[in-house]
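Asks: Please see the structure below; I have some questions.
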Amino acid sequence: MEQRSVEVLRLTAGETTALVPGVNLICKERGNFIIYKDPANTEEPYKACRNICKHQGGTFVRDVEDSTCSILRCTKHGWKLDSSSMKYVNPPDSFKQDKLVPELDEDGGLALVELIPPKPWDNDARRPQTIRLGEVQLTFFAHACMELKLGDKTMFFDPWLTGPAFARGWWLLHEPPFDWLERLSRADLIYISHVHSDHLSYPTLALLSEKNPNIPIYVGDTAMPVFCKLEQSGVQLNNINVCSFGVWQEINADLRFMILMDGVHPDMDTCILVDYKGHLILNTVDCTQPNGMQLPKNVDIMMSDFAGGASGFPMTFSGGRYTDEWKARFIATERKKLLYYKTQVVRDVNPKVYCPFAGYFVEAYPGDRYIRETNTKNSAEQLNSLINRYSDHIITWTPKPGAILDLALILDDTVDRRRAIVDPPPGTRIYKDNWDFDFYINKINESIASEIFAFPDWIRFYYEWAGFRDYNLVLRMIETDEDFHPIEGGYDFLVDFEDLSFPEQRPSREHAYLEIKNRIGVHRQTVLKGLFWDDLYIGFQNRISRNPDTFHFRFWNHMQILLPQQPPDWPGFLRRQRLIHFERPSDKNDSIVPRLLQKLSKAKALLVPGIIASLATVVYFAITMTTKQ
């Protein structure tokens with residue numbers, strides 16, 4: 001996409017001279033800016049950026065704890081920016097601030113220039129045409145799944161319609177329409193925004209593929225491909241289309257759409273703009289800064305997330321400040337900030353209709369009651385009420401599964417717009433009350449008995465595959481039962497990422513320490529399939545403590561985004577382990593079991609039924625080899 005230069009701030013010669021060495025916070029009608037002046041740096045005497053935190057759009061102020069006078073603190077979440085380098089220092093090794101280009105003119109004035117990508121929807125913009133009653137209809141299914149009837153075409157957004165998300169941590173709040181699978185399989189196209197499993201639902205897609213594996217699915221060209229784990233899923237989909245950002249995808253003469261990236265997470269998050277006969281539908285999904293906050297104005301319909309709570313922090317953390325009282329205060333503050341942030345984004349876009357979605361999940365599993373009660377979320381009614389308080393001309397829609405919005409009635413000023421939204425018939429089940437926990441959890445727990453866990457060397461093999469190292473962090477990983485108590489037969493080990501070693505005790509040097517207790521089934525499924533750690537962290541499947549209390553961005557970013565796309569070569573691992581332990585067994589076959597038990601004991605892994613099954617398989621293999629010799 002081409003960029004264009006826009007002057008966003010101009011200081012006079014006098015104002016430029018008045019800038020002090022170090023940080024200058026500039027508030028102007030055109031926005032708030034940060035200018036760092038360094039007279040000793042003749043090549044780059046000025047660094048500048050907008051005063052907007054890349055995390056969630058907060059404002060930076062001076063950090064009273066900073067002795068260098070270059071560190072600024074975000075008023076929202078306490079993230080810190082070193083204005084002398086425009087790098088974030090809390091969390092360390094995370095983002096870089098987008099710089100503005102400083103230009104001194106001949107008179108000594110200073111201009112700040114921003115390189116802005118074009119607004120691609122302006123390319124070949126179309127005037128809205130008249131549409132008929134029933135021509136454009138939106139039907140809400142569940143969470144972030146919406147069905148769009150667009151003339152003679154039907155499009156779906158993010159179908160998560162059965163099963164859990166994030167391993168077993170999230171469950172659907174709403175009961176989708178009873179005929180959801182038939183309608184989904186007959187769709188003309190599906191858009192999937194990103195790789196997270198509440199949007200890319202393999203349980204849903206597995207059922208879809210049995211009916212229509214050739215259905216066209218469209219995704220953005222993210223650095224981390226949306227379907228990077230398709231092979232591990234075992235689902236067959238034959239018509240996945242990867243789209244360049246900001247380019248119209250023409251479906252027919254009336255319908256087109258373009259996929260846009262997120263300004264904060266361009267490597268994985270996307271949003272979508274649909275154009276039907278010049279009428280625009282904007283779905284920003286989970287994006288923190290959709291298209292870098294360059295968004296079309298006055299669209300017909302806008303959708304976005306709203307609820308919050310899509311993180312293990314702080315619910316799964318313990319020790320230090322993480323009391324229940326502190327968590328409650330923090331969560332309440334964060335949810336309020338999110339409400340006002342979403343309100344401002346909606347008001348800036350100024351749609352005719354706004355629908356909050358992509359937040360309708362519940363921690364329904366009985367063993368997750370603590371998370372469910374602690375992780376309070378915004379309601380759609382709260383956000384809609386706030387929007388209406390400031391912008392009462394925007395029609396807000398709190399959707400129910402099966403509810404239908406007709407755009408033609410929204411656009412018709414001669415009718416009561418309340419007729420434009422039709423709720424499902426009385427007696428329709430709105431909320432789920434049965435999630436089939438046992439089926440999905442038992443499927444996850446099949447990983448516990450995998451043969452690879454009979455060999456303690458899996459630990460080194462897995463973390464060498466993961467590829468994270470050269471970072472002064474020591475991780476203690478503990479496998480647990482349902483209640484996060486160490487489980488007999490579970491592994492308990494240390495990983496030192498400074499040199500990727502696996503010590504028996506923590507090193508004597510100064511180091512950061514992270515302790516994670518994982519439910520054994522989800523942990524082992526994550527290891528076996530080479531999955532991202534979102535299932536563990538976002539799915540509330542662990543309990544975390546850390547010293548010091550610092551977010552290690554590099555570590556979590558790697559384990560959640562940068563793991564290899566291909567899973568570990570476990571078949572090759574097993575072949576090597578079998579050869580090592582059983583290629584030349586003792587003449588007495590019964591000596592095999594004590595030898596393997598001894599190795600397991602050294603790894604702090606005691607036998608449980610799943611391990612016994614694995615061990616039996618290994619022993620059988622060894623005996624078979626002995627018999628053949």
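The values are calculated or read from the model by the stated rules, or taken from the named source; none is laboratory data. Bear in mind the structure is a predicted one, so any value in this text is a computation, not a measurement. Because the Cβ atoms are built from the backbone with ideal geometry, glycine has one as well, and the counts that use them run over all protein chains shown.
Residue-by-condition table, conditions (1) buried (at least 24 other Cβ atoms within 10 Å of the Cβ); (2) out of contact with any strand residue (DSSP E or B) (no Cβ under 9 Å at 6 or more places or on another chain); (3) outside the structural domain of Ala187 (by TED's automatic domain parsing):
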{"site": "Glu103", "(1), (2), (3)": "no, no, yes"}
{"site": "Arg127", "(1), (2), (3)": "no, yes, yes"}
{"site": "Cys145", "(1), (2), (3)": "yes, no, no"}
{"site": "Asp158", "(1), (2), (3)": "yes, no, no"}
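Asks: Another question about this same structure. When you go through Ile387, Ile371 one by one, which is the residue that is crowded, with 20+ Cβ neighbours inside 10 Å and modelled with pLDDT of 95 or more? Break it down into steps so the answer makes sense when it comes.
Replies: Working: Ile371 fails: crowded, with 20+ Cβ neighbours inside 10 Å.
On inspection, the qualifying residue turns out to be Ile387.
Asks: Sticking with this one: If you take the residues in the stretch 1-38 that are among the aliphatic types (A, V, I, L, M), in contact with a Gly (Cβ under 7 Å, 6 or more places away or on another chain) and surrounded by fewer than 16 Cβ atoms within 10 Å (Cβ to Cβ), which one is modelled with the highest pLDDT?
Replies: Step one: of the stretch 1-38, the residues among the aliphatic types (A, V, I, L, M) are 1, 6, 8-9, 11, 13, 18-20, 23, 25-26, 34-35.
Add one more test, that the residue is in contact with a Gly (Cβ under 7 Å, 6 or more places away or on another chain), and what stays is 1, 8, 11, 13.
Still in the list and also surrounded by fewer than 16 Cβ atoms within 10 Å (Cβ to Cβ): 1, 13.
Values: Met1: 52, Ala13: 91.
Only one residue tops the list, namely Ala13.
Asks: While we're here: Among the residues that make up the stretch 145-162, is at least one of them within 16 Å of Val362 (Cα to Cα), part of a loop (DSSP other than H, G, I, E, B) and out of contact with any His (no Cβ under 9 Å at 6 or more places or on another chain)?
Replies: Checking the stretch 145-162: at least one residue is within 16 Å of Val362 (Cα to Cα), part of a loop (DSSP other than H, G, I, E, B) and out of contact with any His (no Cβ under 9 Å at 6 or more places or on another chain).
Asks: Tell me whether the stretch 42-56 contains one or more residues that are within 28 Å of Leu562 (Cβ to Cβ), of a type in the set (S, T, N, Q) and either assigned by TED's automatic domain parsing to the domain that holds Thr288 or buried (at least 17 other Cβ atoms within 10 Å of the Cβ) (or both).
Replies: Taking every residue of the stretch 42-56 in turn, at least one turns out to be within 28 Å of Leu562 (Cβ to Cβ), of a type in the set (S, T, N, Q) and either assigned by TED's automatic domain parsing to the domain that holds Thr288 or buried (at least 17 other Cβ atoms within 10 Å of the Cβ) (or both).
Asks: Okay, moving on. Would you check which residues across the stretch 282-300 are surrounded by fewer than 20 Cβ atoms within 10 Å (Cβ to Cβ) and in a loop (DSSP other than H, G, I, E, B) and list them?
Replies: Of the residues in the stretch 282-300, the ones surrounded by fewer than 20 Cβ atoms within 10 Å (Cβ to Cβ) are 288, 292-294, 297-298.
The answer is Thr288, Gln294, Lys297, Asn298.
Asks: Now a separate question. Answer yes if at least one residue in the stretch 390-397 is out of contact with any strand residue (DSSP E or B) (no Cβ under 6 Å at 6 or more places or on another chain) and either buried (at least 19 other Cβ atoms within 10 Å of the Cβ) or over 24 Å from Leu411 (Cβ atoms) (or both), and no otherwise.
Replies: Going residue by residue through the stretch 390-397, those that are out of contact with any strand residue (DSSP E or B) (no Cβ under 6 Å at 6 or more places or on another chain) are 390-393.
If we keep only those that are either buried (at least 19 other Cβ atoms within 10 Å of the Cβ) or over 24 Å from Leu411 (Cβ atoms) (or both) too, we end up with none.
Taking every residue of the stretch 390-397 in turn, none turns out to be out of contact with any strand residue (DSSP E or B) (no Cβ under 6 Å at 6 or more places or on another chain) and either buried (at least 19 other Cβ atoms within 10 Å of the Cβ) or over 24 Å from Leu411 (Cβ atoms) (or both).
Asks: Within the stretch 252-277, which residues are more than 28 Å from Gly530 (Cβ to Cβ), modelled with pLDDT under 95, in a strand (DSSP E or B) and of a type outside the set (A, V, I, L, M)?
Replies: none
Asks: Can you name the residue in the stretch 200-251 that is part of a helix (DSSP H, G or I), modelled with pLDDT of 95 or more and more than 20 Å from the chain's Cα centre (by Cα) and is also farthest from Lys443 (Cα to Cα) among such residues?
Replies: Taking the candidates together, the pick is Lys211.
Asks: Output the number of the condition that Asn472 fails; it satisfies all remaining conditions of (1) among the polar types (S, T, N, Q); (2) crowded, with 19+ Cβ neighbours inside 10 Å; (3) without any contact (Cβ under 8 Å) to a residue 60 or more places away in the chain.
Replies: (2)
Yes/no per residue for (1) aliphatic (A, V, I, L, M); (2) closer than 17 Å to Pro164 by Cα; (3) crowded, with 16+ Cβ neighbours inside 10 Å:
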position	(1), (2), (3)
Thr526	no, yes, yes
Gly530	no, no, yes
Ile538	yes, yes, yes
Asn547	no, no, no
Thr550	no, no, no
Phe555	no, no, yes
Leu574	yes, no, yes
Gln577	no, no, yes
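Asks: Pairs, please: C-beta under 9 Å, at least 6 apart or cross-chain, first residue part of a loop (DSSP other than H, G, I, E, B) and in the stretch 82-111, second among the acidic types (Asp, Glu)?
Replies: Short answer, once both residue conditions are applied: Ser84/Asp38; Met86/Asp98; Asp98/Glu114; Gly109/Glu15.
Asks: When the residues of the stretch 301-340 are narrowed to those that are touching a residue at least 12 places away in the same chain (Cβ under 8 Å) and among the acidic types (Asp, Glu), which ends up surrounded by the most Cβ atoms within 10 Å (Cβ to Cβ)?
Replies: Asp305
Asks: Starting from the stretch 410-425, keep only residues that are over 19 Å from Pro177 (Cβ atoms), then list their pairs with residues that are basic (Lys, Arg) and at pLDDT 90 or above whose Cβ atoms are within a distance under 8 Å, requiring at least 6 positions of separation or different chains.
Replies: As it stands, the answer is Ile410/Lys352; Leu411/Lys352, since those pairs meet every condition given.
Asks: On to the next question. What is the residue count in the stretch 14-24 for residues that are in contact (Cβ under 8 Å) with a residue 12 or more places away in the chain, outside any helix (DSSP H, G or I) and out of contact with any Pro (no Cβ under 8 Å at 6 or more places or on another chain)?
Replies: Step one: list which residues in the stretch 14-24 are in contact (Cβ under 8 Å) with a residue 12 or more places away in the chain, which gives 15-17, 19-24.
Narrowing the set further to residues that are outside any helix (DSSP H, G or I) leaves 19-24.
Restricting the remaining residues to those that are out of contact with any Pro (no Cβ under 8 Å at 6 or more places or on another chain) gives 19-20, 22-24.
So the answer is 5.
Asks: Counting residues that are more than 25 Å from the chain's Cα centre (by Cα), which strands (runs of 3 or more DSSP E) fully inside the stretch 466-547 reach at least 3? Before you say what the answer is, go through the steps one by one.
Replies: Details: elements: 473-480, 492-496, 512-519, 542-547.
In the stretch 466-547, 492-496 are the strands (runs of 3 or more DSSP E) which contain 3 or more residues that are more than 25 Å from the chain's Cα centre (by Cα).
Asks: Something else: Looking only at the stretch 170-199, count every residue that is within 20 Å of Phe540 (Cβ to Cβ) and under 14 Å from the mean Cα position of the chain (by Cα) and tell me the total.
Replies: Qualifying residue count, the stretch 170-199: 7.
Asks: While we're here: Restricting attention to the stretch 361-415, which residues are in a loop (DSSP other than H, G, I, E, B), within 21 Å of Ile538 (Cβ to Cβ) and basic (Lys, Arg)?
Replies: Of the residues in the stretch 361-415, the ones in a loop (DSSP other than H, G, I, E, B) are 363-365, 375-379, 391-394, 397-403, 412-415.
Cutting the leftovers down to within 21 Å of Ile538 (Cβ to Cβ) gives us 363-365, 375-379.
Matches in the stretch 361-415: Lys377 only.
Asks: Another question, if that's okay. With the structure loaded, tell me whether Asp368 is in the same structural domain as Met268 (by TED's automatic domain parsing), farther than 21 Å from Lys149 by Cα and not small (Gly, Ala, Ser) or whether it fails that test. Steps first, answer last, please.
Replies: On the way: in the same structural domain as Met268 (by TED's automatic domain parsing): yes; farther than 21 Å from Lys149 by Cα: yes; not small (Gly, Ala, Ser): yes.
Against the criterion (in the same structural domain as Met268 (by TED's automatic domain parsing), farther than 21 Å from Lys149 by Cα and not small (Gly, Ala, Ser)), Asp368 qualifies.
Asks: Let me ask another. Out of the stretch 56-76, which residues are touching a strand residue (DSSP E or B) at 6+ places or on another chain (Cβ under 7 Å), assigned to a loop (DSSP other than H, G, I, E, B) and not small (Gly, Ala, Ser)? Walk me through it before giving the result.
Replies: Applying the first criterion (touching a strand residue (DSSP E or B) at 6+ places or on another chain (Cβ under 7 Å)) to the stretch 56-76 yields 58-63, 69-75.
If we keep only those that are assigned to a loop (DSSP other than H, G, I, E, B) as well, we get 58-59, 63, 69-70, 75.
The answer is Thr59, Asp63, Cys69, Thr75.
Asks: Then there's this: Filter the stretch 25-48 for residues that are farther than 11 Å from Ser84 by Cα and part of a strand (DSSP E or B) and give the result.
Replies: Residues satisfying the conditions are Leu25, Ile26, Cys27, Lys28, Gly31, Asn32, Phe33.
Asks: Consider Val527 carefully, then state whether it is among the β-branched types (Val, Ile, Thr) and either more than 21 Å from Met315 (Cβ to Cβ) or assigned by TED's automatic domain parsing to the domain that holds Pro91 (or both).
Replies: Yes: the conditions hold for Val527.
Asks: Need the failing condition index for Gly359 against (1) buried (at least 18 other Cβ atoms within 10 Å of the Cβ); (2) closer than 27 Å to Lys149 by Cα; (3) in contact with a Leu (Cβ under 8 Å, 6 or more places away or on another chain), just the number.
Replies: If we test Gly359 against (1) buried (at least 18 other Cβ atoms within 10 Å of the Cβ); (2) closer than 27 Å to Lys149 by Cα; (3) in contact with a Leu (Cβ under 8 Å, 6 or more places away or on another chain), just (3) comes out false.
Asks: Okay, moving on. Pairs needed: first member in the stretch 382-399, in contact (Cβ under 8 Å) with a residue 60 or more places away in the chain; second member anywhere, in a loop (DSSP other than H, G, I, E, B) and not β-branched (Val, Ile, Thr); C-beta distance under 6 Å; at least 6 residues apart or different chains.
Replies: Going by the 6 Å Cβ cut-off, the qualifying pairs are Leu383/Phe306.
Asks: Take the stretch 448-464 and flag every residue that is out of contact with any Gly (no Cβ under 7 Å at 6 or more places or on another chain), part of a helix (DSSP H, G or I) and of a type in the set (A, V, I, L, M, F, W, C).
Replies: Keep residues of the stretch 448-464 that are out of contact with any Gly (no Cβ under 7 Å at 6 or more places or on another chain), which gives 450-464.
Now restrict to residues that are part of a helix (DSSP H, G or I): 451-454, 458-464.
Scanning the stretch 448-464 gives Ile452, Phe453, Ala454, Trp458, Ile459, Phe461.
Asks: Here's another thing I want to ask about it. Anything in the stretch 312-358 that is in a loop (DSSP other than H, G, I, E, B), under 25 Å from Ile395 (Cβ atoms) and out of contact with any Ser or Thr (no Cβ under 9 Å at 6 or more places or on another chain)? List them, or say none. Don't jump to the end; show me each part of the working.
Replies: Pass one, the stretch 312-358, residues in a loop (DSSP other than H, G, I, E, B): 312-316, 318-323, 350-352, 357-358.
Of the ones still in play, those that are also under 25 Å from Ile395 (Cβ atoms) are 350-352, 357-358.
Those that are in a loop (DSSP other than H, G, I, E, B), under 25 Å from Ile395 (Cβ atoms) and out of contact with any Ser or Thr (no Cβ under 9 Å at 6 or more places or on another chain): Pro351, Lys352.
Asks: Sticking with this one: From the set of residues in the stretch 280-300 that are closer than 24 Å to Met268 by Cα and β-branched (Val, Ile, Thr), which is modelled with the lowest pLDDT? Can you show your working first?
Replies: Kept after step one, since they are closer than 24 Å to Met268 by Cα, are these residues of the stretch 280-300: 280-296.
Cutting the leftovers down to β-branched (Val, Ile, Thr) gives us 281, 284-285, 288.
Working: Ile281: 99, Thr284: 98, Val285: 97, Thr288: 85.
The selected residue is Thr288.
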